[in-house]
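Accompanying notes for the structure given below.
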Amino acid sequence: MEKNFKRTLVTCALPYANGPVHIGHLAGVYVPADIYVRYLRLRGEEVLYVCGSDEHGVPITIKARQQGCTPQDIVDRYHDIIDKSFKGFGINFDVYGRTSSDVHSKNASEFFRKLYDKGKFVTRESEQYYDPEAKTFLADRYIVGTCPKCGAEGAYGDQCEKCGCTLSPEELINPKSKLSGAEPIKKKTTHWYLPLEQYEQWLREWILEGHKEWRPNVYGQVKSWLDGGLQPRAVTRDLDWGVPVPVEGAEGKVLYVWFDAPIGYISNTIQLLPDSWEKWWKSEDTKLVHFIGKDNIVFHCIVFPSMLKAYGDGFILPENVPANEFLNLEGDKISTSKGWAVWAHEYLQDFPGKEDVLRYVLTANAPETKDNDFSWKDFQTRNNSELVAIFGNFVNRAVVLTHKYFGGKTPAAGELQDIDRETLAQVPVIREAIEKNIEAYKFREALREAMNLARLGNKYISDTEPWKVAKTDMARTATILNVSLQICADLAIAFEPFTPFATERLRRMLDIAPAWDELGKEDIIPEGHELKPAELLFAKIEDAEIDRQLARLDAIRAEREAAAKAEAAKQVAPQKEECTFEDFEKMDIRTATVLEAERVPKTDKLLKLTIDTGIDKRVIVSGIAEYYSPEDMLGKQICILANLKPRTIRGIESHGMILMAKQGDGKMRFITPQEALVNGAQIG
């Protein structure tokens, strides 16, 4: 049964302040949350919109060490970049706080201390990897070595990115610290853990039985965790950057970032509303909604609720956690470490005045139930074919024609014809569909319905052709433009959650400020109401703008591929099984000179070589055509295995094998004596 709430508290996952935000973050969390908040406010509902920077954790200390600055320098820099990026896209939180603030440090400390005093934690001593040079404990991600499964260098302590297998640091061959290159050692340490298994049954009842309406990806992931059995989770770690653990004997320990960060929602609310924050966090009249990405599901659906349950004191739990999947870029996974991303702050510089276009495209292609892909060509097409050609074109024609024929004043509706009534009758239906989808967190579908409203208007004005009717019937022209302007007003309402900058221009043109409840009314703009001059809502995006973005990505891809090849070239194949000296003596390796060379017909890799071995002249077929042309081989002195049993290849009997050296990247070169020798000289 749907509850009735007096207010809604919306939180967005705290972006990690060790880099800028990119389109994956915007699509996954911040644009959908902003759509939801704008919709609620259009409806006149009381909303609090909370976010902030997550500023603690190992990655920040590592970046600071790499750049020769303090962790505070890092978080200050990126907090400012992220904050400005959000504002640039019209994402205006009521509070955008910081977990490095004094308010948060005090609040997080008190939160931990209360759980500690209530006996809600357990302590465990364990051995963890430690960097003796950097003098710090290492997370699995900061231990690298050779993958035991595929032999790839640079595998992490939790996963090999080349073969995708899950690992532990103990499995790595020749593990090294990513910080100093030193070999990590095991060192004993004691930490506090939250025993999540104690909350397992409660979580099952609350979520699996009480929130079956949650998105399948969220519900399914939670069920999987619960079915697998919850384990105690550490809430502290050894580090010198973070909120100090407020108990004796915890020197050099801070709150683990996953425990620290969600408390930031509460801290930021306290920062904004020190005297009234509890009505947002402890009132059953408040609806709490967390907007997150799928990598945060376990923290917001299992860990944070368990923390609040353990704390008690009336804290409310989320009514919904609409987590999105991941957004890829041009078919590849977005990677901040490899630079494969479209950064929010750079987009604002490259496409000034087109903030709405990215909001629109990210929503139209939102990864709500599965991973999705962003491409620059699709971005351009959606702008030019939908925003410009449909939405913008309709509004421009309606406003310009009203100025042309009626001096910019809204004409009387007059007598409606069937086409007018049928068109207007569709608006309330579309409104209901938008509402239903937004309230179900289906923003992609809601946007599709909003664009259907623009399509409706564009089709109506194209079918009625007021520019032609005006030649013979101004009364009918007045009716057509009145209906068209009412739809323009509807669009100014329906699109406000999705494209706030364009709708602000549209409202300015129409000189109105309607609320959501007016959507679908036939007299939003009264007769005689004076319009402002027309201005374009959207501008066409030219090929050159897109080509620049694609060229940038091509350069990143080429650089990445070159780096991968260079790294692969360094990799050495494992040593083969031992052989005896007698085994080696059986091989007759000799020098030889290539007399003739030609490609083997209908093959890409094979060359037919006629060689002088000093013993005889013979033919060898070798798969080196992708590295050497026939002309390259003529006159070359090479080394061959002369006594290899003959083998027929493509109808040619091959007597021997050329000795080649092959790198990890596949590059091959033949072995040749440092100085010319007689043919048939033995090697061994």
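Kindly list the number of the only condition in (1) open to solvent by 80 Å² or more (accessible area, probe 1.4 Å); (2) in contact with a Gly (Cβ under 8 Å, 6 or more places away or on another chain); (3) assigned to a strand (DSSP E or B) that fails for E653.
Unmet condition: (2).
Could you count how many residues in region 118-137 are in contact with a Phe, Trp or Tyr (Cβ under 6 Å, 6 or more places away or on another chain), surrounded by 13 or more Cβ atoms within 10 Å (Cβ to Cβ) and modelled with pLDDT of 85 or more?
3
Answer yes or no: is there a residue in region 359-372 that is surrounded by 14 or more Cβ atoms within 10 Å (Cβ to Cβ), of a type in the set (V, I, T) and out of contact with any Lys or Arg (no Cβ under 7 Å at 6 or more places or on another chain).
Within region 359-372 (the criterion being surrounded by 14 or more Cβ atoms within 10 Å (Cβ to Cβ), of a type in the set (V, I, T) and out of contact with any Lys or Arg (no Cβ under 7 Å at 6 or more places or on another chain)), the answer is no, since none of the residues qualifies.
Has region 585-595 got at least one residue that is surrounded by 13 or more Cβ atoms within 10 Å (Cβ to Cβ) and more than 23 Å from K662 (Cα to Cα)?
So the first thing to find is which residues in region 585-595 are surrounded by 13 or more Cβ atoms within 10 Å (Cβ to Cβ), and the list is 587-595.
Next, from what is left, pick out any that are more than 23 Å from K662 (Cα to Cα): 595.
There is at least one residue in region 585-595 that is surrounded by 13 or more Cβ atoms within 10 Å (Cβ to Cβ) and more than 23 Å from K662 (Cα to Cα).
Give just the number: which of (1) surrounded by fewer than 19 Cβ atoms within 10 Å (Cβ to Cβ); (2) touching a Phe, Trp or Tyr at 6+ places or on another chain (Cβ under 9 Å); (3) within 27 Å of A261 (Cβ to Cβ) does F112 not satisfy?
Of (1) surrounded by fewer than 19 Cβ atoms within 10 Å (Cβ to Cβ); (2) touching a Phe, Trp or Tyr at 6+ places or on another chain (Cβ under 9 Å); (3) within 27 Å of A261 (Cβ to Cβ), only one is false for F112: (1).
May I ask you to verify whether D604 is surrounded by fewer than 16 Cβ atoms within 10 Å (Cβ to Cβ), within 30 Å of G151 (Cα to Cα) and not β-branched (V, I, T)?
yes
Looking for whichever is open to solvent by less than 20 Å² (accessible area, probe 1.4 Å) and either over 30 Å from E330 (Cβ atoms) or at pLDDT 95 or above (or both) here; the options are T410, T381. Which one fits?
T410
Select from region 656-681 the residues that are touching a Cys at 6+ places or on another chain (Cβ under 9 Å) and not in a loop (DSSP other than H, G, I, E, B) and list them in ascending order.
Within region 656-681, I658, F670 meet the criteria.
Only residues that are in a helix (DSSP H, G or I) and either of a type in the set (F, W, Y) or touching a strand residue (DSSP E or B) at 6+ places or on another chain (Cβ under 7 Å) (or both): list them for region 478-502, please. Steps first, please.
Initial filter on region 478-502 (in a helix (DSSP H, G or I)): 478-494, 500-502.
Answer for region 478-502, where residues must be in a helix (DSSP H, G or I) and either of a type in the set (F, W, Y) or touching a strand residue (DSSP E or B) at 6+ places or on another chain (Cβ under 7 Å) (or both): just F501.
Looking for whichever is modelled with pLDDT under 95, open to solvent by 10 Å² or more (accessible area, probe 1.4 Å) and either within 18 Å of A33 (Cβ to Cβ) or not hydroxyl-bearing (S, T, Y) (or both) here; the options are K279, K253. Which one fits?
K253
Could you check region 333-343 and list, in sequence order, the residues that are in contact (Cβ under 8 Å) with a residue 60 or more places away in the chain and either open to solvent by 20 Å² or more (accessible area, probe 1.4 Å) or not in a strand (DSSP E or B) (or both)? Walk me through it before giving the result.
To start, the set of residues in region 333-343 that are in contact (Cβ under 8 Å) with a residue 60 or more places away in the chain comprises 334, 336, 338-343.
Of everything in region 333-343, those that are in contact (Cβ under 8 Å) with a residue 60 or more places away in the chain and either open to solvent by 20 Å² or more (accessible area, probe 1.4 Å) or not in a strand (DSSP E or B) (or both) turn out to be I334, T336, K338, G339, A341, V342, W343.
Considering region 199-225 alone, what residues qualify as being touching a residue at least 40 places away in the same chain (Cβ under 8 Å) and not aromatic (F, W, Y)?
Of everything in region 199-225, those that are touching a residue at least 40 places away in the same chain (Cβ under 8 Å) and not aromatic (F, W, Y) turn out to be L203, I207, H211, E213, R215, P216, N217, V218, Q221, V222.
Condition first: assigned to a loop (DSSP other than H, G, I, E, B), surrounded by fewer than 24 Cβ atoms within 10 Å (Cβ to Cβ) and in contact (Cβ under 8 Å) with a residue 40 or more places away in the chain. Now tell me which residues in region 22-57 satisfy that.
R43, G44
The values are calculated or read from the model by the stated rules, or taken from the named source; none is laboratory data. All of these numbers come straight from a predicted model, not from anything done at the bench. When we count neighbours, we look across all protein chains shown, and the Cβ atoms used for this are built from the backbone with ideal geometry, even at glycine. Ligands, DNA and RNA are excluded from the accessible area calculation, which covers all protein heavy atoms including side chains. Shrake-Rupley method; radii C 1.70, N 1.55, O 1.52, S 1.80 Å.
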